[in-house]
Amino acid sequence: MLTTPNLCSLFRLLVSPILLLLAWGEEPTLFLVAFATALASDVVDGFLARWLKVDSEGGAELDSWSDLCMYVSASLGVWLLAPELILGQLPLVVAMAVGYAAPILYGFLKFRRLTSYHTWAAKLSAVLAGGTMLTIVLFEVTWPLWIAGPVFLVSAVEEICVTTLLPAWRANVPSFWHAVRIRRAWRQPPVQAPSPSS
């Protein structure tokens, strides 16, 4: 388990409570540095796993848990550092929070574990959401939320659809169409081997 990509994921787990402490202590510069470093580790760990050929279901699940902790901590940290800005966009922020929680809860209800699809839409929404949080703290503007929010919600709907389609838990399902193909392959009866001639 102590591969380079998994160490990146463990780093995000360790940084998550630190993000909250920095925000609580009103240290925006240190918060930004720590969060940007954690985001960078999230960008590279999947690439490293494929490049080093050490990707695994366990690694994918660890990555998902690390992302969950990091984004929850960072979101609460941004709230602590810029409460007026967040309150000014409260309906969209609540919609995004529900959109983040709903696929996770649905996945737990169906599979009894955290989903780890790493869809293309989820990767895009993670980049946009992370960039938006950095922008809010750094420049005190919230308009990027209106770009990240819709992408985030579309990604959430896709993840719910993927969970609905999959017959069993599976890591790294890039899109809804991949889930459709997995479902079709699962429904097809196995090919019977020809019986030996007597």
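Taking the condition at pLDDT below 95, of a type outside the set (Ser, Thr, Tyr) and surrounded by fewer than 18 Cβ atoms within 10 Å (Cβ to Cβ), does residue 144 pass?
In short, no.
Kindly establish whether residue 24 is within 24 Å of residue 120 (Cβ to Cβ) and surrounded by fewer than 14 Cβ atoms within 10 Å (Cβ to Cβ).
The answer is no for residue 24.
Within segment 64-97, can you find the residues that are of a type in the set (D, E, K, R) and surrounded by fewer than 18 Cβ atoms within 10 Å (Cβ to Cβ)?
Listed by number, the list holds a single entry, 84.
Restricting to segment 1-21, and then to whatever is of a type outside the set (Ser, Thr, Tyr), in contact (Cβ under 8 Å) with a residue 12 or more places away in the chain and over 14 Å from residue 69 (Cα atoms), can you tell me which residue is surrounded by the most Cβ atoms within 10 Å (Cβ to Cβ)?
From segment 1-21, those of a type outside the set (Ser, Thr, Tyr) are 1-2, 5-8, 10-15, 17-21; that's our starting set.
Checking the rest, the ones that are also in contact (Cβ under 8 Å) with a residue 12 or more places away in the chain come to 1, 5-6, 8, 10-13, 15, 17-20.
Cutting the leftovers down to over 14 Å from residue 69 (Cα atoms) gives us 1, 5-6.
Working: 1: 11, 5: 24, 6: 20.
This residue is 5.
Against the condition outside any loop (DSSP other than H, G, I, E, B) and not β-branched (Val, Ile, Thr), how does residue 171 come out, does it pass? If you could, list the steps in order and put the result at the bottom.
Numbers: outside any loop (DSSP other than H, G, I, E, B): no; not β-branched (Val, Ile, Thr): yes.
The answer is no for residue 171.
Hey, does segment 178-189 have a residue that's under 19 Å from the mean Cα position of the chain (by Cα), at pLDDT 95 or above and surrounded by 11 or more Cβ atoms within 10 Å (Cβ to Cβ)?
Within segment 178-189 (the criterion being under 19 Å from the mean Cα position of the chain (by Cα), at pLDDT 95 or above and surrounded by 11 or more Cβ atoms within 10 Å (Cβ to Cβ)), the answer is yes, since at least one residue qualifies.
Residues 20, 90, 14: which one is at pLDDT 95 or above, over 25 Å from residue 107 (Cα atoms) and not assigned by TED's automatic domain parsing to the domain that holds residue 117?
20
Condition (residue is part of a helix (DSSP H, G or I) and either closer than 25 Å to residue 22 by Cα or assigned by TED's automatic domain parsing to the domain that holds residue 23 (or both)) applied to segment 113-126: is it met by at least one residue?
Checked against the condition, which is being part of a helix (DSSP H, G or I) and either closer than 25 Å to residue 22 by Cα or assigned by TED's automatic domain parsing to the domain that holds residue 23 (or both), segment 113-126 yields at least one hit.
Which of the residues that make up segment 158-172 are touching a residue at least 24 places away in the same chain (Cβ under 8 Å) and either within 10 Å of residue 103 (Cβ to Cβ) or in contact with a Gly (Cβ under 7 Å, 6 or more places away or on another chain) (or both)?
Passing the criteria: 158, 159, 160, 162, 163.
The values are calculated or read from the model by the stated rules, or taken from the named source; none is laboratory data. Please read all numbers here as calculations on a predicted model, not as lab measurements. All Cβ positions, even for glycine, are placed from backbone atoms using ideal geometry, and neighbour counts span all protein chains on display.
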